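> Let me begin by handing over the structure; questions about it come next.
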Amino acid sequence: QLYPAANRQRACAPPFCSLPPPRLAAMTGYSKLWAVAGGAAAALVVVPCAIKASSRSTRKPDKTTFEFGGPPGAFSTMFALPGVVYFLYYACGRDFVMPGVNLRALSGMRLPEPSELVSCKAAAIFGGWFGFQVLLERLLPGKVVEGTDLAAAGGQGRLTYKMNGHLAFWTSLGALAICGKRLSVLYDEFPALAGSAMLFSFGLSSYLYASSFKDGALLAKGGNSGNPIYDFFIGRELNPRIGSFDLKEFCELRPGLIGWVALNLGMVAKQYEQTGSVSGSMVLVNLLQGLYVWDSLYQEQAILSTMDITTDGFGYMLAFGDLAWVPFTYGLQARYLVDHDPGLSPRMLGLIACGGLAGYAVFRLSNSQKDQFRRDPKHPSVKHLKVMEVKNLQTGRQSNLLVSGWWGLARKINYTGDWFLSWCMSTTCGCPMIGKGSIIPYFYPIYFAVLLIHRAGRDDHFCSEKYGEAWKEYKKRVPCMFVPFLI
């Protein structure tokens, strides 16, 4: 015989059986993750196609200028975004953090087990939170206001909205305060909570796409291309509602945005649980991000004139962004600080606070000026501003564009303040090039810069179609996009 009995058994076994246990475990982990990824990719194709095939709509597709790279780009974005959320989590976790900008160090990052990405406890927490926010929206008192005219989108009249987001914000904070130290569970269940938000976003997107085929649905411009994957992603129906409950406006501000504050408070509870104290950086990032979220809810009515509400359909792009992307990536700094606090000096924290408040001031003052002008151009605070009269080619109505005040300095001056505030939030985590710092907590301002530049480009394109040659003249009057006299 060529082999002894023991060697015959080894020779006939699969090659990977001879690998050491750590490598075998890694290969098993890879195979499980690939299986999850494959199932997700299949669902992103099969579900939209099945919904469209089962619909009885006879409406023909509209002529569409694709964004985000068209159907391939839409699919790639939907497939990649969950991976980015988890990458950011595991690239700066408790036991591993990518040092500085050293991408090679990522080879030591631990792979997650699929069981870490979902849990019954996390699903119950997310479901309870979402349901709680629905109850607040339905039951709390609030002023009823009208949105923008739907004529530009091909509709008629104006939709009504109940403005009680500010009250819901404070009610939510009260409920979170009652939970106290138990909020540390949000740190422990963070990846599973993110998984629950992702699964819910996909389910909600499926419902939204299916309901968009009902008779009489007002479709968003660009949302009826006829390609199921693209329309599923970009959003087909403009303002999907269940009775008077506006799904898009609700998701824009309530579960995810207030959930961002909830997660941050969970990180405070965890840091206190581990160290017996709360660091200056943790306090400051909670204050800056809490101020930012509070502002959004306090100025809730202002969202009714934004592109998200007036132009974009409600599909996977906004659903995932509102419910999963914002709370689980924008609040990365607080989670990082639980285990990797840089110990910044009071002087440094004071400088960061001043910078953040300055960015917030530019953001808020410029937005308030624009919103006040839209509501009442004759108000004492804005009646002195210079305007350029233009004709809306889509509705035939006259419009006024501000060319003085904040909006005479730059066409997107509010974006500049918004971005600078986001940068200050990340500096609470220290400098990524000094000591044990990492670039990962700076993902928010880096991504935010790309997002704002893209949004500014989209807005420029839409305004060019809306105002024609007058828009070119306006850009000559206000030549800078973001930074006065520079950019």
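> What percent of all Cα-Cα pairs in segment 442-487 falls into each 10 Å bin, going from 0 up to the bin containing the maximum distance?
25, 44, 25, 6
> Using the alpha-carbon centroid of each, what span in Å lies between segment 351-401 and segment 180-194?
If you average the Cα positions of each part, the centres end up 40 Å apart.
> Okay, moving on. Run the accessible area of the chain with a 1.4 Å probe and give the carbon-and-sulfur part as a rounded percent.
After summing per-atom areas, the C and S share lands at 64 percent.
> Please compute the length gained on full extension between Phe245 and Glu389, using 0.36 nm multiplied by the number of residues separating them and subtracting their Cα-Cα distance.
48.2 nm
> Related question: Once phi is turned into ³J(HN,Hα) by the Karplus curve 6.51 cos²θ - 1.76 cosθ + 1.60 with θ = phi - 60°, what whole-Hz value does each residue of segment 155-165 show in order, with x for glycine and proline?
Values, residue by residue: x, 9, x, 9, 7, 9, 9, 9, 8, 10, x Hz.
> Report, by chain and number, residues whose modeled amide H sits under 5 Å from the one on Ser438, excluding near sequence neighbours (fewer than 5 apart, same chain).
Those lying under 5 Å, H to H, from Ser438 are Gly100.
> Where does the chain land at 222 nm, in deg cm²/dmol rounded to the nearest 500, when only DSSP H runs of n ≥ 4 count, each adding -39500 (n - 2.57), divided by all residues?
-18500 deg cm²/dmol
> Are there any GluC sites (Glu not before Pro) in segment 406-487 that are in a DSSP loop and have at most 13 other Cβ atoms within 10 Å? List them by number.
none
> Rank Leu103, Leu208 by accessible area, highest first, at a 1.4 Å probe radius? The partial results should precede the final answer.
Working: Leu103 120, Leu208 5 Å².
Result, largest first: Leu103, Leu208.
> Further question: What pairs from Lys63/Lys370; Lys181/Lys248; Lys143/Lys181; Lys32/Lys121; Lys383/Lys476 go past 26 Å between their alpha carbons? Write down the numbers at each step before the final one.
Details: Lys63/Lys370 33 Å; Lys181/Lys248 33 Å; Lys143/Lys181 35 Å; Lys32/Lys121 22 Å; Lys383/Lys476 23 Å.
Correct reply: Lys63/Lys370; Lys181/Lys248; Lys143/Lys181.
> Further question: Using only the Cα atoms of segment 135-276, build the gyration tensor, take square roots of its eigenvalues as a ≥ b ≥ c, and label the shape rounded, prolate or oblate: rounded if a/c is under 1.5, else prolate if a/b is larger than b/c, else oblate.
The shape class here is oblate.
> Could I ask something else about it? To the nearest 10 square angstrom, how much accessible area does Trp423 have with a 1.4 angstrom probe?
Only protein atoms counted, so the area is about 100 Å².
> Per residue, how large is the accessible surface of segment 306-352? Use a 1.4 angstrom probe and give square angstrom.
On a per-residue basis, segment 306-352 sits at 29 Å².
> Then there's this: Could you tell me the accessible area of Cys354 in Å² (1.4 Å probe, neighbours in place), rounded to the nearest ten?
In the full protein context, Cys354 sits at about 90 Å².
> Solvent-accessible area of His461, probe 1.4 Å, all protein chains present, reported in Å² to the nearest ten, please.
90
> On a 0 to 90 degree scale, rounded to 10, what angle separates helix 413-427 from the longest Cα axis of the chain?
The answer is roughly 30 degrees.
> Segment 402-444 to segment 208-244: how many Å between their Cα centroids?
34
> Right, another one. Which whole-Hz couplings ³J(HN,Hα) result when phi for each residue of segment 345-362 is put into the Karplus expression 6.51 cos²θ - 1.76 cosθ + 1.60, θ = phi - 60°, listed in order with x for Gly and Pro?
6, x, 5, 5, 4, x, 5, 5, 4, 5, x, x, 5, 5, x, 5, 4, 5
> Nearest 10 degrees, 0 to 90: what angle lies between the long axis of helix 280-298 and the longest principal axis of the chain (Cα atoms)?
It is inclined by approximately 40 degrees.
> Which ³J(HN,Hα) values in Hz, rounded to whole numbers, follow from the phi angles of segment 437-445 under the Karplus curve 6.51 cos²θ - 1.76 cosθ + 1.60, where θ = phi - 60° and Gly and Pro get x?
For segment 437-445, the Karplus curve yields x, 9, 7, 4, x, 8, 4, 4, x Hz.
The values are calculated or read from the model by the stated rules, or taken from the named source; none is laboratory data. Computed from a predicted model, the values in this text were never measured in an experiment. Backbone-built Cβ (ideal geometry, glycine too); neighbour counts: all protein chains shown. To get the accessible areas, we keep the full protein, side chains included, count just its heavy atoms, and leave off ligands, DNA and RNA. Shrake-Rupley method; radii C 1.70, N 1.55, O 1.52, S 1.80 Å.
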